[in-house]
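One structure is given below, encoded as structure tokens.
The values are calculated or read from the model by the stated rules, or taken from the named source; none is laboratory data. Keep in mind that what you see is a predicted model, and the values were worked out from it rather than measured. We place every Cβ from the backbone using ideal geometry, glycine too, and count neighbours over all the protein chains shown. Each accessible area value is taken on the protein alone, full model and side chains, heavy atoms only, with ligands, DNA and RNA left out. Shrake-Rupley method; radii C 1.70, N 1.55, O 1.52, S 1.80 Å.
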Amino acid sequence: MAGSWDPTALPDIPGIYINFKRAAAAQINGGARGVVAIPLLTYASTATAKTFYTVETEKEATDLFGITNIESILLALQGGAKEVLVYTMPATPAEQDYVDMRDAFDSREFNVFVFDGEYNVDQQAATKTWVKRNRDEGKHFIVVIGGDATTDADPAAGDARTTLNKDDNIVNLTVGGSVGSKVFTSAEYAPFIAGDIAGTPINESVTFDPMPLEDVNKRMTRAQISAAIKAGSLILVHDGAKVKIMSGVTTSGQKIRSVRARQAIATDISRTATDHYIGKLNNNADGQATLIVAITAYLETLENEGVLSSPVVALDPSRPSVGDSVFLVISYTETDSIERIFLTVNI
């Protein structure tokens, strides 16, 4: 895993360390995407507490957990998740059970984490701390949270939750929706958003993605929509014909597309470096060139796919690459999606 590094206190554990800074031999391949992680609250006796299960279909989920317990799993799969990594929570879970759950997920790979329709302020705060720790340690994923009916009805309350959970890797859904007589709170519908994020290629945005809903549970005014976007809230709107995501942003205001691209780059380079380079290349001109060529080729692949442009990889001129340490400077321009079109019509 690729952790961050502090130039004033370099880590001594062998590995690769990456810092993202906004600008003033083996081929590196993209890893698997599309895995949503869910701590399941209720399930049939065919499943065991504090155990991991991986499901890809409704039948697998039904056979393991019972049809009445899999709403969040089905939403994640319907949203686009390739698979759902399920951790079964004990009955009436206490605080330590949530700690154990997060510790258990530390050893598993996934792309997006979401609760089982649960709205719990304390656990959202603990999750914010958890996602930051994992990011610092080199594990990258996105978390999707939501609220209850009361907070959904008050856009200001949803935006306040966004501010409270401000982080590049956290998405806060503040609006739910309905299909027929079934009404989803934002926390209950968060698994669908998690699946949509996980299933969207990193060269695309979730902005304006249509939702299989008939209406939202809170129709917002234009002023409320503007305030939500500025706050970093992810909202659903009814445009008169369908329900769609208004803007794909995290609670820090970063585009989900940009964050996922950075996570993919860190994860892919780290995985290949661990498998093929660390401890296997000499730290001399030839070994350094091999590493630079491999990373450059990988970034050029992402350039061809429209994820980024103008990648440059070079030795860091301010830090000598000697002993067992190599310092590289990587730069590129992030490619965004067209989300705002301004027309001037001359008559």
Percent accessible area from carbon and sulfur atoms, the stretch 91-205, protein chains only, probe 1.4 Å: 52
Quick query: amide H of Leu308 versus all other amide H atoms, modeled in the peptide plane; which residues come in under 5 Å with a sequence gap of 5 or more or a different chain? Glu303, Thr335
Please list the non-local residues whose amide H lies under 5 Å from the amide H of Lys50, H modeled 1.01 Å from N, same-chain partners needing a gap of 5 or more. Thr88, Met89
Accessible area per residue of the stretch 232-347 at 1.4 Å probe, in Å²? 52
Rg and Dmax of the stretch 104-148 over Cα atoms: what are they, in angstrom? 10.7, 32
With -39,500 (n - 2.57) per DSSP H segment of 4 or more residues and division by the full residue count of the chain, the 222 nm estimate, nearest 500 deg cm²/dmol, is -10500 deg cm²/dmol
Amide H contacts under 5 Å for Val175, placed H, 5+ residues apart: Leu236
Over the heavy atoms of Leu328, what accessible area does a 1.4 Å probe trace out, to the nearest 10 Å²? 50
What does the convex hull of the alpha-carbon atoms of the stretch 69-146 project to on average, in nm²? 5.3
For the stretch 224-241, Karplus-derived ³J(HN,Hα) couplings (6.51, -1.76, 1.60; θ = phi - 60°; whole Hz; x for glycine and proline) come out as 5, 5, 4, 5, 5, 5, 5, 6, x, 7, 9, 10, 10, 10, 9, 8, x, 10
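Which whole-number value in Å² is the accessible area per residue of the stretch 144-206, probe 1.4 Å?
Heavy-atom SASA per residue in the stretch 144-206 reads 30 Å².
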Loop sites in the stretch 195-238: trypsin sites (Lys or Arg not before Pro), DSSP, at most 14 other Cβ within 10 Å: Arg219
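With all protein chains present and a 1.4 Å probe, how do Asp12, Asp286 order by accessible area, largest first? Write out the running numbers ahead of the final one.
Details: Asp12 140, Asp286 115 Å².
The ordering from most to least exposed comes out as Asp12, Asp286.
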Length gained, Val329-Ile229, 0.36 nm per residue minus C-alpha separation, equals 32.7 nm
Take the Cα radius of gyration of the chain and divide it by 2.2 N^0.38 Å, with N its residue count; two decimals is plenty. 1.05
³J(HN,Hα) across the stretch 56-61 via Karplus (A = 6.51, B = -1.76, C = 1.60, θ = phi - 60°), whole Hz, x for Gly/Pro? 10, 9, 4, 4, 4, 5
